[in-house]
Amino acid sequence: MLDGWVPWPEEVAERYRAEGFWEGRPLDRLLRDRAERDPERIALVDAAGDRWSYAELDARADRQAAGLRRLGIGAGDRVVVQLPNTDAFVVLFFALLRAGAVPVLTLPAHRESEIVHVAETSGAKAYAIPDTHDHFDHRALARAVRKAVPCVEHVLVAGDPAEFTALGDVDADPVPLAVPDPSDVAVLLLSGGTTGKPKLIPRTHDDYAYNVRASAEVCGFDSSTVYLVVLPTAHNFALACPGLLGTLYVGGTVVLSPTPSPEDAFALIERERVTVTAVVPPIALLWLDAVEWEEADLSSLRLLQVGGSKLGAEPAARVGPALGCALQQVFGMAEGLLNYTRLDDPPELVAETQGRPMSPADEIRVVDEDGHDVPPGGTGELLTRGPYTLRGYYRAPEHNARSFTDDGYYRTGDLVRVLPSGHLVVEGRAKDQINRGGDKVSAEELENHLLAHPAVHDAAVVGMPDATMGERTCAYLVLRGGRAAPTQRDLAAFLTERGVAAYKLPDRVEVADVFPRTSVGKVDKKELGRRIAARLRAEGSGAG
Ligand code: OOB
């Protein structure tokens with residue numbers, strides 16, 4: 001068993017097994033089962049139009065798993081995966097599972113600061129990258145990561161490997177491999193983060209397979225499903241809610257879009273007769289506009305899932321008429337709990353709520369600041385536990401003591417209200433995080449980077465309203481005596497040099513003489529949030 005993670009208490013695990021939530025099968029079986037039943041069916045199509053049947057995908061994963069074992073990558077080894085939406089991701093994901101290794105999923109946008117931290121925390125043995133992606137050379141990043149994190153022995157490259165190992169050469173005749181324990185960790189996901197550094201989320205074979213199966217059922221996926229991956233494959237939403245894994249589980253076809261742009265996505269929807277896809281609200285808004293000028297035939301689309309941040313009721317109501325498909329709101333988290341509006345929910349619930357828990361075994365509480373349950377219908381922080389919600393972050397005992405109640409509920413940091421129907425409305429946030437159109441920015445993480453700037457004495461990062469993104473990031477700075485204020489561009493260059501992902505760069509910089517403080521002396525971020533919102537209103541921009 002992998003160490004450093006928190007399993008469910010044994011009696012709870014027994015119940016989840018007895019009630020059929022956990023089936024005791026390794027996660028990779030979902031591909032094997034389909035390959036045995038429908039070998040010739042098309043499993044995967046990429047943007048270039050290359051196609052792989054279930055049998056082909058299954059065989060590629062077997063060969064790569066054998067190749068990984070030959071490199072010495074096997075049971076319990078962690079491998080940081082940073083691949084864009086390509087077949088290489090899908091093959092490697094299953095190959096790692098079959099080799100008994102644990103994929104640690106990062107986004108293509110992550111840079112040295114994030115990857116070094118993740119590789120270090122997970123004790124990764126290998127790091128898988130594209131050669132270049134989006135004008136960025138990942139091999140240069142890999143050199144820096146190898147230098148900083150010596151346990152990373154192998155760099156596996158999709159494309160031109162330079163001095164590293166080509167993924168294409170990680171190939172050997174299939175060998176019998178030990179079957180992993182289904183109650184053990186299958187994959188480590190990255191949390192949005194509310195602390196100095198991102199946390200790793202352990203997901204077991206049992207829990208993630210249930211996540212996939214139950215999502216596929218709630219979303220009506222079947223063998224006629226053609227799912228377009230628009231968000232990064234490494235994101236829980238696109239991977240498993242039901243996403244690419246849910247589509248393979250039911251024997252449908254997964255289509256990979258290199259970007260979420262209407263040009264790329266609409267062309268693929270038309271070419272492959274895509275039936276369902278998942279996006280974050282800013283992309284939904286972009287698509288709602290783009291249908292006005294893009295010529296593509298979107299008539300195959302049956303369902304658009306939107307989640308990651310809150311979708312306004314007004315654009316929600318426009319999805320059906322503009323795109324000719326149903327909308328599903330999804331309020332989920334990499335930590336586990338998924339809320340879906342149901343396909344047969346009345347239109348007002350679909351437009352105005354963020355769905356209800358996926359599983360009958362999801363337990364939720366809504367509590368006030370003292371941890372007491374609020375009266376029915378009241379707003380408070382959402383706590384949850386259940387058969388696919390983590391009991392602790394990986395190797396983070398101190399953080400876990402704060403993020404979980406003694407009886408195992410995860411504190412989501414989301415402020416919600418529950419309707420009599422059981423549907424949740426997300427009303428805000430109690431966590432120190434900015435949700436930039438679905439991309440999560442930890443205020444503390446960014447503040448720590450800003451404090452390293454020579455002109456910065458103190459920093460406080462808050463969200464500011466934005467019509468498209470929901471929120472953007474505003475960095476309030478108190479300067480060191482005599483120092484000139486860095487501009488937004490100066491700071492962007494400074495943070496990029498430090499290896500911070502582009503989506504975390506502050507969108508705006510404000511200088512203050514002192515920060516407002518709460519009665520206990522903490523920086524009053526609510527007040528700073530009000531200030532920047534008022535300022536935006538005065539300037540005539542933003543959402544307010
Ligand atoms: C998804 O996962 P994460 O881990 O990137 O972020 C989770 C957080 C939630 O705690 C909440 O603060 C926010 O993102 N969120 C939403 C939301 N969906 C997520 N806030 C308001 N409305 C929504 N619909 O974002 C994620 C994972 C799986 C499926 C969908 C989204």
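Observations on the model:
- Residue-by-residue Karplus 3J(HN,Hα) for the stretch 390-402, coefficients 6.51, -1.76, 1.60, Hz, glycine and proline x: 4, 9, x, 6, 6, 6, 9, x, 5, 5, 4, 4, 8
- Cα-based reach from Lys310 at 20 Å (exclusive), listing lysines while leaving out same-chain residues under 8 positions away: Lys431, Lys440, Lys504, Lys526
- With R₀ set to 45 Å, the beta-carbon distance separating Thr165 from Glu314 gives a calculated FRET efficiency near 0.35.
- Contour excess over end-to-end distance, with Cα ends at Asp407 and Val425 and 0.36 nm allotted per residue: 4.0 nm
- Dividing the C-alpha radius of gyration of the chain by 2.2 N^0.38 Å, with N its residue count, gives 0.95.
- Relative contact order of the stretch 137-213, defined on C-alpha pairs under 8 angstrom at six or more residues apart (%): 17 percent
- Counting all C-alpha pairs of the stretch 331-464, share separated by more than 27 Å (%): 27 percent
- In this structure, the amide hydrogen of Thr253, modeled 1.01 Å from its nitrogen in the peptide plane, lies closer than 5 angstrom to those of Thr225, Val226, Tyr227, counting only residues at least 5 positions away or on a different chain.
- The lysines within cross-link reach of Lys125, meaning a Cα-to-Cα straight distance under 24 Å and a gap of 8 or more places when in the same chain, are Lys147, Lys197, Lys199.
- All other residues whose Cβ lies under 15 angstrom from that of Leu288 are scored, Lys and Arg at +1 and Asp and Glu at -1, for a net of -3.
- Distance between the stretch 71-118 and the stretch 291-314 - C-alpha centres, whole angstrom: 30 Å
- The three principal axes of the C-alpha atoms in the stretch 394-502 carry coordinate ranges of 56, 38, 24 Å, sorted with the longest axis first.
- Near Pro9, once Lys and Arg are set to +1 and Asp and Glu to -1 for all other residues with Cβ below 11 Å from its Cβ, the sum equals -1.
- Pairwise label distance in nanometres, Asp137 with Glu14, each label 7 Å out on the Cα-Cβ vector: 5.9 nm
- Distant-in-sequence amide H partners of Met464 (H built 1.01 Å from N, under 5 Å): Arg472, Thr473, Cys474
- Counted over the chain, the DSSP beta bridges are approximately 55% antiparallel.
Computed from the coordinates by the stated procedures, all read-outs in this text should not be read as laboratory data. Given the structure is predicted, the values throughout are model-derived calculations rather than measurements. For neighbour counting, all protein chains shown are included, and Cβ atoms are generated from backbone atoms with ideal geometry for every residue, glycine included.
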